Number of protein chains: 2
Amino acid sequence: MKALGLIVEYNPFHNGHLYHLKQSLKQSQAEVVVVVMSGHFTQRGEPTILDKWTRTKLALEHGADLVIELPYIYSCQHAELFAKGAISILTHLQVNALIFGSESGSISELIGLENLIRLPEFQQKLKTYIKTGLSLPKAQALALIDFQQKSEVITAPNNTLGLYYIKAIRELNSPITAQTLTRIHSDYRDITPTHHQIGSATSIRRLREKQLDFASYVPDNVQHYLSRHFQEVKTFHTWENYFPFLKQSVLTLTPNQLRHIHDMEEGLEHRFYSAALKSLTFFEFIEIVKTKRYTRTRIQRICTHILTYTLKQQMKDFELHKQAPYIRLLGFSTKGKQYLKKIKKEIAVPIYSKFEAKGHPLLKHEQKVTAAYSAILPEPHCTNLNVAEFSNNPIQFEKANH
Amino acid sequence: MKALGLIVEYNPFHNGHLYHLKQSLKQSQAEVVVVVMSGHFTQRGEPTILDKWTRTKLALEHGADLVIELPYIYSCQHAELFAKGAISILTHLQVNALIFGSESGSISELIGLENLIRLPEFQQKLKTYIKTGLSLPKAQALALIDFQQKSEVITAPNNTLGLYYIKAIRELNSPITAQTLTRIHSDYRDITPTHHQIGSATSIRRLREKQLDFASYVPDNVQHYLSRHFQEVKTFHTWENYFPFLKQSVLTLTPNQLRHIHDMEEGLEHRFYSAALKSLTFFEFIEIVKTKRYTRTRIQRICTHILTYTLKQQMKDFELHKQAPYIRLLGFSTKGKQYLKKIKKEIAVPIYSKFEAKGHPLLKHEQKVTAAYSAILPEPHCTNLNVAEFSNNPIQFEKANH
């Protein structure tokens, strides 16, 4: 069975995602679709609009056959580790082709760029720019200009992720073939929809927070799940709602304890502390903390590491740069189940279809992640979600013939 | 100037407190009233109904001349350390008499009991009972019976505190004379008021939570402050409201990290974790965690240590059993100011009239305590209270002639 791999967040699932999934299936002529999906926090350090179980259902209902959780420690990370985690999972699962959306749309352009970037001369240039206090993306953009390349290629976020997918495939000696589709009609940063049927996930989340209509941008059942969710819990998974928890944590940890938080750089803990002390909103907080070097996205990720109490030591204990240490099934279709059964014996890492108390420490870490994510929910929803982390089996879905 | 010392929580200030203050003044014929007051969490491990600044105002308006903060590390502790902290502060401040309320009303009875309790034979008996898994108060009551004493004396909470005041005075070689007044018409554990003008603080808090009338039990301005507070913040400082924060903390710390929390005994961390996972309310949580050995009060104190992230190490770093390491002024009357000026030079520990960044680490710990306490408040109240911790000067009050 030929298998297609997709790396997604589905936050929430929208028409652009559906287009991507269908186009990729057509292009790859695969029989089975393997989806690696972020859990409760995204690569940009944001809580997901719907919990991972609901997002798994939506993925299955729209054509995914296997939904695998990208462990938090990879999902809420800089692009390189995010890509390494996702690609290693797809490799374990013997996926043949990865198809990702990019602004470029040209796989040869991106492969060429990846080759350029790893040249020692390029890395040297990069270091020089980073030393001036720039963030990695800004420094890369400037270095590219020095090498007579268009800097736009690398400042486009999906191109960047694509580059790291290509890099991970190379470093892992993965047999996966990378392909890319041009993203249509939207940029993930768009905050207002740009087309009558395709809008970025960000723009859809904004519409929803403002209680404006977003029906035309998502499949019907997505709107149904979102409405039901709000009717039940009466709150949104936005950073503003998590801010009291973040504030309490930052202000009750000493600077020394804050320094142990993953990705917290020397000195940054003091900025966090003083910003938490005087900010009335998360927006204010980020505005105070961020600098040229520490982007909003990076700061948001550190904030999620505070909420989930993710420590530097944990990153050292696991050789994350090698590969994701396990496969956690969130859901499957009948076809996905068959596929998994076929390849199961050849998979070198453990496959968890359920939480296991003696499982990998990173699997246990997901409990903390879910506890942090569920904290804003009223009861019994908070407890239900925490208990689901322990007790849920993968979601099974019988696909209708399309 | 003859000085009277009182050890209080004023949670909230009520007619019984007023009676105690006036009677004590009369009995001691003191000219100045020094009050040592718990900050934002009480000895029973509960958040205070009003913040410490408002409670300081109330104390001054009703006759206190100096209001000193009992540092968290003493206020939210078992009776022995609570007493040690408070008595050492009163000793530093050259107080002549301590007058405390008790169920017994007889200082000679309490002194006799304190003498008995420290006999090696008594301590031996006590150990035997504790080994059977009983809590300290229960074990003491049984040992007293073995020594032909009435166990009620020690199960009455204010007698117990009194015993520890007497013990602390003895151990500190303090020149303070202890006296006691019989508590009238109420037991702190009463949850419904027992008399038409005197009700326990607990019963008043319950009435208020149920939005029932409590006006007859408190001076007018107390009711005024409480109403204003609720109009502003629309929430109560009850454990139920802190439960989401407690839950998030317990579920995102590993058992090993929980074990570092002050007063957390080996094995208890697992009870905390599994209770936090399945409890929908704080009430449920406590019911699951408490045992014969771990009383509700002790569990509540551990919960505040989790919220404030108070670690065992901190207790080791400071020789708390010696004496409170500083005096922190929350407020004073003109007379209190004069008194302090007079004795200031003879005080061996630092006096802080304001937060000092280079002050004692326990002073800094109060920031965390306030951050934990303010976490449930909507903005800007949360930030205002946190900032007050840094920037407030003591509250000054011009006493009218009574």
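The values are calculated or read from the model by the stated rules, or taken from the named source; none is laboratory data. Small disclaimer: the values here were computed from a predicted structure and weren't measured. Cβ placement follows ideal geometry from the backbone for every residue including glycine, while neighbour counts extend to all protein chains displayed. Accessible surface is based on the protein model in full, side chains and every heavy atom, while ligands, DNA and RNA are left aside. Shrake-Rupley method; radii C 1.70, N 1.55, O 1.52, S 1.80 Å.
List of remarks:
- Summed side-chain charge close to B:THR42 - residues other than B:THR42 whose Cβ falls under 12 Å, Lys, Arg +1, Asp, Glu -1: +3
- Cα centroid of the stretch B:214-256 to Cα centroid of the stretch A:372-393, whole Å: 24 Å
- Rounded if a/c under 1.5, otherwise prolate or oblate - chain A, Cα gyration tensor axes: rounded
- Nm distances between copies for A:PHE390, ranked from closest, using label points 7 Å along Cα→Cβ: 4.0
- For the stretch A:264-402, accessible area per residue (1.4 Å probe, heavy atoms of protein chains only), Å²: 47 Å²
- Cut-off 13 Å between beta-carbons: net charge of the residues surrounding B:LEU18, Lys and Arg +1, Asp and Glu -1: 0
- Placed amide H near A:ARG328: partners under 5 Å, 5+ positions off or other chain: A:GLU69, A:TYR352
- Estimated from the Cβ-Cβ distance and a Förster radius of 45 angstrom, the FRET efficiency linking A:GLU265 and B:HIS224 is about 0.35.
- Extension gain from A:GLN27 to A:LYS345, taking 0.36 nm per residue of separation minus the Cα-Cα distance: 111.6 nm
- Restricting the stretch B:325-371 to GluC sites (Glu not before Pro) that sit in a DSSP loop and have at most 16 other Cβ atoms within 10 Å of their own Cβ leaves B:GLU356.
- Counting Cβ atoms of other protein chains within 10 Å of each Cβ in A:372-384 and taking the mean gives 3.
- In sequence order, the stretch A:31-38 has phi-based couplings of 9, 9, 10, 9, 10, 9, 10, 4 Hz under the Karplus curve 6.51 cos²θ - 1.76 cosθ + 1.60, θ = phi - 60°, and Gly or Pro positions carry x.
- Exercise: per-residue mean of other protein chain Cβ atoms within 10 Å, A:243-250: 6
- Computed from backbone phi with θ = phi - 60° and the Karplus coefficients 6.51, -1.76 and 1.60, the 3J(HN,Hα) list for the stretch A:81-95 is 6, 4, 5, 4, x, 5, 5, 5, 5, 5, 5, 3, 8, 6, 6 Hz; x is used for glycine and proline.
- In this structure the amide hydrogen of B:LEU6, modeled in the peptide plane, comes within under 5 Å of the amide hydrogens of B:VAL34, B:VAL35, B:VAL36, none closer than 5 places in sequence on its chain.
- Rounded to 5, the percent of DSSP beta bridges in the stretch B:1-81 classed as antiparallel: 10 percent
- Backbone geometry of the stretch B:303-313 corresponds, through the Karplus equation with coefficients 6.51, -1.76 and 1.60 at θ = phi - 60°, to 3J(HN,Hα) couplings of 4, 5, 5, 5, 4, 8, 6, 9, 9, 3, 4 Hz, x marking Gly and Pro.
- DSSP beta bridges fully contained in the protein assembly as shown are about 15 percent antiparallel.
- Projecting label points 7 angstrom from Cα along Cα→Cβ for A:ASN115 and A:LYS292 puts them 3.4 nm apart.
- Cβ-vector label at 7 Å, B:LYS358, separations to other copies in nm: 5.7
- Carbon and sulfur %, accessible surface of the stretch B:1-116 computed with the full protein complex present, 1.4 Å: 50 percent
- Between amide H atoms placed 1.01 Å from N, distances below 5 Å from B:PHE397 occur with B:PHE332, B:SER333, B:THR334, all of them 5 or more places distant or on a separate chain.
- The residue in chain B that lies nearest, by its beta carbon, to the axis linking chain B with chain A is given here with the distance in whole angstrom as B:PHE245, 3.
- Cross-link partners of A:LYS290 among aspartates and glutamates, defined as those whose alpha carbon lies under 15 angstrom from its own and excluding same-chain residues fewer than eight positions apart: A:ASP263, A:GLU265, A:GLU266, A:GLU269.
- DSSP-defined beta bridges in chain B - what % are antiparallel, rounded to 5: 15 percent
- Cβ-vector label at 7 Å, A:GLN338, separations to other copies in nm: 9.6
- In the A-B interface, the accessible area buried, summed over both sides, Å² (probe 1.4 Å): 2500 Å²
- Mean accessible surface per residue for the stretch B:215-260, computed with a 1.4 Å probe while every protein chain stays in place, in Å²: 41 Å²
- Taking Lys and Arg as +1 and Asp and Glu as -1, the other residues whose beta-carbon sits under 14 Å from that of B:ASN173 total +3.
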